[in-house]
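The values are calculated or read from the model by the stated rules, or taken from the named source; none is laboratory data. These numbers were taken from a predicted model, which means no experiment stands behind them. Here the Cβ is made from the backbone with ideal geometry for all residues, glycine too, and neighbour counts use every protein chain on show. For accessibility, only protein heavy atoms count, side chains too; no ligands or nucleic acids. Shrake-Rupley method; radii C 1.70, N 1.55, O 1.52, S 1.80 Å.
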Amino acid sequence: HARIEGRKLCDDLLSLFSEPFMIGTRVAAIGCSIGPAVSKGGDIDGEELLRRADMAMYEAKENGRGRYMAYEPYMDTRREEKNQLEADLKYAIEHDEISVVFQPVVNTLTRRISGVEALARWNRAGYGPVSPDVFIAAAESSGLIDQLGLAVLQKACHAATEWPHVKLAVNVSPVQFRNPFFAAQVLSILEEHDIPPARVMLEMTEGYFIHHPERAGTAIEKLKQIGVSIALDDFGSGFASIGYLRRFGFNRMKIDKSLVVALDEGGRSLEMLTATVALARSLGIPVTAEGIETEDQAAILQLCGCDELQGYLFAKPMPADEVTTMLAQQETPVRQLKVS
Ligand code: C2E
Ligand code: CA
Ligand code: CA
């Protein structure tokens, strides 16, 4: 019975806060997230009960806000796992256990390697490899991403000194953008390794541009001043529009692999892809297609007008020394190499 009443109270509170409030002449839209915790028969003390309610409330927020989620013991377990992951990641970063692999990017016409994209790897002791999607997100939410991002750049530059004619792309998290010293730190790492900034492209996803357009604009401006190029990554996976490309002066657009995969599903995906690439090119912005796994996909994206292609068809992400070997063999185009 108490549970039913509790639920009703939560629903009432949520609907109360779902309406905008008038404060003087201004309208304030606020929301609310609720985390109820129950002590059956009062056997849990107040402090613990509050802690559980707090945990449940954060769970409600992480699940999309504007809702309630009652405390469950799994929330504690998950939190502990998350804390452990973050602690291990911190240790790994500090002890130089994050490695970097490189995925070649090829010129569409010649199929020769024109650049490489640096991708972070973490082999977590006792667990095995952790997906970058997981540990990058953990680094972002725990304040470790600045350090991790610079470590990746550092290693990527170190490796790239072996390949003076290859462009180097490095992913940058939107969180790193908030750091006012970011551009200066990038420059000092490039100088340390004697890498001309014109060789380097930073890839960023759209999130930050949508939520903080002014600050993003300033940050991009600073980076362009030091001479690096900026690519809009994962285009087509979210909300970024062609207008963003122009507004922020991106130097390149990378089409998300979901758009390439969608080609196999038919529908209007081919028309969409063709129009997107054409529009970017009409603004003078070259386009890279990623996630190319078949010759058919490569042919279509070539026809669309992408000047660079990336994907398992050409090469998977690999350690630096394998890139060196591949470059040495590249006197013949990649495709012919495969045949021989
Ligand atoms: P991303 O920047 O879009 O990188 C491309 C991802 O697609 C990589 O996954 C790559 O291994 C994978 N990939 C490449 N070719 C193919 C293909 O033909 N088919 C398929 N199915 N996948 C392909 P990975 O290495 O797991 O990285 C995932 C994401 O993690 C990256 O997506 C990037 O957003 C992020 N990430 C990786 N390293 C870093 C880093 O150093 N800093 C930051 N901020 N993010 C990173
Ligand atoms: Ca990328
Ligand atoms: Ca991407």
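Within segment 292-309, being within 16 Å of ligand 1 (Cβ to nearest atom), open to solvent by 20 Å² or more (accessible area, probe 1.4 Å), free of Cβ contacts under 8 Å to residues at least 40 places away in the same chain and under 14 Å from Leu273 (Cα atoms) holds for Ala299, Ile300. Please specify each residue of segment 118-132 satisfying the condition of being within 15 Å of ligand 2 (Cβ to nearest atom) and part of a loop (DSSP other than H, G, I, E, B). If the condition is that a residue be within 15 Å of ligand 2 (Cβ to nearest atom) and part of a loop (DSSP other than H, G, I, E, B), then Ser131 is the only one that fits. Looking only at residues of segment 221-267 that are under 20 Å from Asn107 (Cβ atoms) and small (Gly, Ala, Ser), we find that the one that is farthest from ligand 3 (Cβ to nearest atom) is Ser229. Scanning segment 181-216 for residues that are part of a helix (DSSP H, G or I), touching a residue at least 24 places away in the same chain (Cβ under 8 Å), under 20 Å from Met253 (Cα atoms) and not charged (D, E, K, R) returns Pro197, Ala198, Gly207, Tyr208, Phe209, Ile210, Pro213, Ala216. Scanning segment 9-25 for residues that are in a strand (DSSP E or B) and either exposed (fewer than 10 other Cβ atoms within 10 Å of the Cβ) or touching a helix residue (DSSP H, G or I) at 6+ places or on another chain (Cβ under 8 Å) (or both) gives Met22, Ile23.
The set of residues in segment 226-248 being in a loop (DSSP other than H, G, I, E, B), within 24 Å of Pro196 (Cβ to Cβ) and open to solvent by 20 Å² or more (accessible area, probe 1.4 Å) consists of Gly227 alone.
Only residues that are modelled with pLDDT under 90 and in a helix (DSSP H, G or I) were counted in segment 26-61, giving 3. Scanning segment 102-117 for residues that are part of a strand (DSSP E or B), touching a helix residue (DSSP H, G or I) at 6+ places or on another chain (Cβ under 7 Å) and more than 15 Å from ligand 2 (Cβ to nearest atom) turns up at least one hit. Across segment 126-179, the number of residues qualifying as in contact with an Asp or Glu (Cβ under 8 Å, 6 or more places away or on another chain), of a type in the set (S, T, N, Q) and within 16 Å of ligand 3 (Cβ to nearest atom) comes to 2. Taking the listed residues Gly207, Gly236, the one that is under 18 Å from the mean Cα position of the chain (by Cα) and on the phi > 0 side of the Ramachandran plot is Gly236, with no other qualifying. In segment 263-285, the condition of being closer than 30 Å to Trp122 by Cα, within 16 Å of ligand 1 (Cβ to nearest atom) and surrounded by fewer than 18 Cβ atoms within 10 Å (Cβ to Cβ) is met by no residue. Six or more apart or on different chains, Cβ under 6 Å: which pairs go from a residue in segment 164-176 that's touching a residue at least 40 places away in the same chain (Cβ under 8 Å) to one that's within 13 Å of ligand 2 (Cβ to nearest atom) and among the β-branched types (Val, Ile, Thr)? Could you list them? Once the first residue is touching a residue at least 40 places away in the same chain (Cβ under 8 Å) and sits in segment 164-176, its partners that are within 13 Å of ligand 2 (Cβ to nearest atom) and among the β-branched types (Val, Ile, Thr) give Val166/Val116.
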